Amino acid sequence: MGMKETVLEKFAEVFGDSEGVKVYFAPGRVNMIGEHTDYNGGHVFPCALTIGTYAVARKRDDRKLRFYSMNFDALGVLESSLENLKPEKEAGWTNYPKGVMWAFGEKGFEIPNGMDILLNGNIPNGSGLSSSASVEVVTGFILRDLFGFDVTNTDLALIGQYSENKFNGVNCGIMDQFAIAMGKKDNAIFLDTADLSYEYAPMKLENAKIVISCSNKKRGLGDSKYNERRSECETALSEIQQVVGINSLGDLTEEQFETYKAAIQDEVRVRRAKHAVYENQRTIKAVEALKNNDVELFGKLMNESHVSLRDDYEVTGEELDTLVEEAWKVDGVIGSRMTGAGFGGCTVSIVKEEAIDRFIEQVGTAYEKKIGYAADFYVVEIGDGPVIL
Ligand code: GLA
């Protein structure tokens, strides 16, 4: 049975019938390079995946919201209402779709009807492949489709981010929602987060594939650490702004940073800002390399990105470092780094096809031996943005 049939059948079981429903999909994402640059006015280079969130939805005649997730069966149907939308601990995962509905309201889009919504995601939970942004974008996509709101896919990304910042309290940048809303098969998106200008770049990897290694370490305190990094960068920026007129760390070249870094009053903040500046420049170089069909150089820059995230930005941890450092030892690995926020989640590697089995075997064994539990591996494909199925 295909995913569409599965979710339709479950919808009918949970909500009594599936009259008047439509089925939707929004992808997850993986970032190839450009990490922790999106809230620093820098560049990112993510792509949408063919795994993501499937949703079944229909309008109701009243203002009620009924939600069901096949990923959290034990929670059953969670009810809410369009009146007085606010984040509630007991609402669990439904705070994401509720947040998006609230955000539409804030942006002046009045949602006239309640809805029944069922979700089923095949993005591994807590993996750092943006299952929450995928839920946000699919929700916005549903609202646009059901109520005819005049919003672009970029707007869907911005509304998703707004809801995550203001409703769910994570100060994330625009990368995840943008990559998901704007995804294009076989392409990564070279996005300048300073002005949201972007360009698609084909991920021509010849005889290699993208392999995601999931550490299975839950992010735990990740969100608060994330917000902490963000404010460290903001402080560093304001210190540099005392000596030079820039808008964001993304405005600086490496040389300029070396000239102005003395303005930063704290050694830790110097390293945080250094990462933001150098990672942005690395991302620009990596896309250039890809355009020149220099996948080797692209991989080398991925490796440098990891080192910077490990030593200067300090968002990796033993699990992600083990996955990456073991990957580097495998013959046929072109590049490997942590991806996403860090503090757990997963790594992304470019691996020659002939080396994939060896990679999984070698990295998997070494990881389990050192960390004490297993990692999971996924060979992924780059897919499109949200669609109606
Ligand atoms: C998370 C955030 C993104 C981005 C990455 C780090 O995925 O949601 O906005 O900051 O971390 O690159």
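The values are calculated or read from the model by the stated rules, or taken from the named source; none is laboratory data. It should be emphasised that the depicted structure is a prediction, and the values quoted were computed from it without experimental measurement. In this analysis, Cβ positions are derived from the backbone assuming ideal geometry, glycine residues included, and neighbour counts consider all displayed protein chains. With ligands, DNA and RNA removed, areas are computed over all heavy atoms of the protein, side chains included. Shrake-Rupley method; radii C 1.70, N 1.55, O 1.52, S 1.80 Å.
Go through the range 185-214 and give me each residue that's in a loop (DSSP other than H, G, I, E, B), out of contact with any Gly (no Cβ under 7 Å at 6 or more places or on another chain) and more than 14 Å from the ligand (Cβ to nearest atom).
Once the filter is applied, which keeps residues that are in a loop (DSSP other than H, G, I, E, B), out of contact with any Gly (no Cβ under 7 Å at 6 or more places or on another chain) and more than 14 Å from the ligand (Cβ to nearest atom), the range 185-214 yields ASP186, ASP195, MET203, LYS204, LEU205, GLU206, ASN207.
Answer yes or no: is there a residue in the range 215-222 that is open to solvent by less than 70 Å² (accessible area, probe 1.4 Å) and assigned to a helix (DSSP H, G or I).
yes
Taking the criterion of being within 18 Å of the chain's Cα centre (by Cα), modelled with pLDDT of 95 or more and among the aliphatic types (A, V, I, L, M), would at least one residue in the range 219-242 satisfy it?
Within the range 219-242, none of the residues are within 18 Å of the chain's Cα centre (by Cα), modelled with pLDDT of 95 or more and among the aliphatic types (A, V, I, L, M).
Looking at the range 55-71, I want the residues that are closer than 22 Å to VAL387 by Cα and have a partner that is assigned to a strand (DSSP E or B) and of a type in the set (Phe, Trp, Tyr) with Cβ atoms under 8 Å, at least 6 apart or on another chain. Which pairs are those?
Between residues of the range 55-71 that are closer than 22 Å to VAL387 by Cα and residues that are assigned to a strand (DSSP E or B) and of a type in the set (Phe, Trp, Tyr), the close pairs are ALA55/TYR24; ALA55/PHE25; VAL56/TYR24; ALA57/TYR24.
Just a yes or no: is a residue in the range 351-372 within 20 Å of ARG29 (Cβ to Cβ), at pLDDT 95 or above and crowded, with 19+ Cβ neighbours inside 10 Å?
Yes: the range 351-372 contains one or more residues that are within 20 Å of ARG29 (Cβ to Cβ), at pLDDT 95 or above and crowded, with 19+ Cβ neighbours inside 10 Å.
I'm trying to understand the selection: among the residues of the range 1-54, which are within 16 Å of the chain's Cα centre (by Cα) and basic (Lys, Arg)?
Within the range 1-54, just ARG29 meets the criteria.
Taking strands (runs of 3 or more DSSP E) that do not extend beyond the range 22-136, which have at least 2 residues that are within 16 Å of the ligand (Cβ to nearest atom)?
22-31, 46-59
Quickly run through the range 151-177 and pick out the residues that are more than 9 Å from the ligand (Cβ to nearest atom) and not in a loop (DSSP other than H, G, I, E, B).
Listed by number, the residues that qualify are ASN153, THR154, ASP155, LEU156, ALA157, LEU158, ILE159, GLY160, TYR162, SER163, ASN165, LYS166.
Could you please find all residues in the range 341-364 being within 16 Å of the ligand (Cβ to nearest atom) and touching a Ser or Thr at 6+ places or on another chain (Cβ under 7 Å)?
GLY342, GLY344, GLY345, CYS346, THR347, VAL348
Which members of the range 287-329 meet the condition of being part of a loop (DSSP other than H, G, I, E, B) and under 22 Å from the mean Cα position of the chain (by Cα)?
Selection gives ASP312, TYR313, GLU314, VAL315, THR316, GLY317.
Can you tell me which residue within the range 223-251, out of those that are within 16 Å of the ligand (Cβ to nearest atom) and among the charged types (D, E, K, R), is least open to solvent (accessible area, probe 1.4 Å)?
Out of the qualifying residues, it is ARG229.
Restricting attention to the range 225-242, which residues are farther than 13 Å from ALA276 by Cα and among the acidic types (Asp, Glu)?
Correct list: GLU228, GLU239.
Would you point out the residue of the range 87-130, among those that are of a type in the set (A, V, I, L, M) and over 17 Å from ARG66 (Cβ atoms), that is nearest to the chain's Cα centre (by Cα)?
Here the residue is LEU129.
Out of the range 150-186, which residues are over 25 Å from GLY108 (Cβ atoms) and open to solvent by less than 20 Å² (accessible area, probe 1.4 Å)?
MET175, ALA179, GLY183
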